[in-house]
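S.K.: Would you mind keeping the following structure in view while I ask a few things?
Quick note: the coordinates plus some simple rules give every number you see, no bench work behind them. This structure is a prediction, so every number in the text was calculated from the model and none was measured. Cβ: placed from backbone, ideal geometry, glycine included. Neighbour counts: every protein chain shown.
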């Protein structure tokens, strides 16, 4: 419905009544706040859920790439990795990087205690993880040790705090390869801590330690061409499932390819579960906002019945009277939606910059509430809010337009 300029002017005057009638101003404020809080709650919820999804996805990819290939025989090494690294990008055009690794369970011991860890030996030339950018102390250099020198390892900051280890300190890694026995003793090697990293994900920072590929091979008595798996990056993450299947077929038995979605399936299932209540919450917020606006306009009609009669007498007509109350609904919804968007935007930017809302990384996998600024969320919420506000005005506006001028002027 077209809202006339004069109708908007009168609607604005009705929403800002004289001091002698504060009640209308109060209920108008309540209706506006209802729209504002509903808009804020919805946008903040979407921002946090989107932030969780992007942050967890980014962290997982930064640790292992899009696809991980391991042996289907648990604990058995894969041979001939150099040929795979050289040939796989030629066979599969989607592949941009192949990084071999050795990853095995071990025990790290310092002067103050011991912890179970996963030791990951990586090739510095092809490593695709972002741990290098997450170093908080020391460096990520993992050189091959010269004769008489200790090999270097990088550990999580949380693990360093538990074991009271800092860069330059030494620790011992016990590397069992199956059941230890006199014929099969565990590998034991002393390392020097080269650096500490922090990802914010406790599950990773507590257990992952990094060293060079050759050092890990030596520790677990692997041959020079043996590893436990490959981290793979591809061009189009949307086709990761199809690429993973093609890689499994190409490499053949005993190679087994998994996407990061497969490996971290519980995390993504948890995120999907959090999205389930969103339509329910949106419906409840919409119902509350609509009833607030409808009740406000109906009370306004009772308060302004005589004025409606005057407008009709002056020639406003039913369409003009409807325009006044549709304009009121637009003003209430527009102001409430605008304030809600501003509050949500301010919260999102502040959380991105200051991270004042913290999380327990042991439970939520990250140490701060992640948020994401998505313009489409704002566009959709604003559009839905305006449409609902207009629809909620139609019944009260129709009631007002059907008042007879004579009855309206006599109304007390």
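S.K.: Going by how many other beta carbons lie within 10 Å of each one, how would you line up 35, 95, fewest first?
M.R.: Least to most surrounded, the residues fall as 95, 35.
S.K.: Points 7 angstrom from Cα along the Cβ direction at residue 391 and residue 379: gap in nanometres?
M.R.: 2.1 nm
S.K.: Let me ask something else about it. Pull out the extension gain between residue 263 and residue 342, defined as 0.36 nm times the separation in residues minus the alpha carbon to alpha carbon distance; nm, one decimal.
M.R.: Gain on extension, residue 263 to residue 342, equals 24.6 nm.
S.K.: So how much slack lies between residue 360 and residue 91, counting 0.36 nm per residue of separation and subtracting their Cα-Cα distance, in nm?
M.R.: My answer for the length gained is 92.5 nm.
S.K.: So, in Å, what gap is there between the alpha-carbon centers of the stretch 186-236 and the stretch 81-138?
M.R.: Taking the Cα centre of each part, the stretch 186-236 and the stretch 81-138 sit 5 Å apart.
S.K.: Let me ask another. With a 10 Å Cβ neighbour count serving as the proxy for reagent exposure, in which order, fewest first, do 220, 270 appear?
M.R.: So the residues, fewest neighbours to most, are 270, 220.
S.K.: At R0 = 56 Å, how high is the FRET efficiency between residue 192 and residue 278 if r is their beta carbon distance? Nearest 0.05 is fine.
M.R.: About 0.65, to the nearest 0.05.
S.K.: Something else about it: Sorting 204, 353, 255, 66 on the 10 Å Cβ count, fewest up front, what's the list?
M.R.: Ordered from fewest to most neighbouring Cβ atoms within 10 Å, 204, 353, 255, 66 come out as 353, 255, 204, 66.
S.K.: Does a label point 7 Å from the Cα of residue 170, set along Cα-to-beta-carbon, have any residues of the stretch 185-218 with amide nitrogen under 15 Å, and which are they?
M.R.: 188-194
S.K.: Further question on the same structure: Using the alpha carbons of the stretch 73-252, what is the convex hull volume per residue in cubic angstrom, as a whole number?
M.R.: For the stretch 73-252, the hull spanned by Cα atoms encloses 137 Å³ per residue.
S.K.: Moving on. Relative to a virtual label point 7 Å from the Cα of residue 221 in the Cα→beta-carbon direction, which members of the stretch 71-89 show backbone nitrogen distances below 16 Å?
M.R.: Residues 75-77 fall inside that zone.
S.K.: Using label points projected 7 Å from each Cα along Cα→Cβ, tell me how many nm separate residue 146 and residue 73, to one decimal.
M.R.: A separation of 4.0 nm, rounded to one decimal place.
S.K.: Additional query: Which residues does a label at residue 83 reach in the stretch 258-289, if reach means a backbone N under 11 Å from a point 7 Å past the Cα toward the Cβ?
M.R.: none
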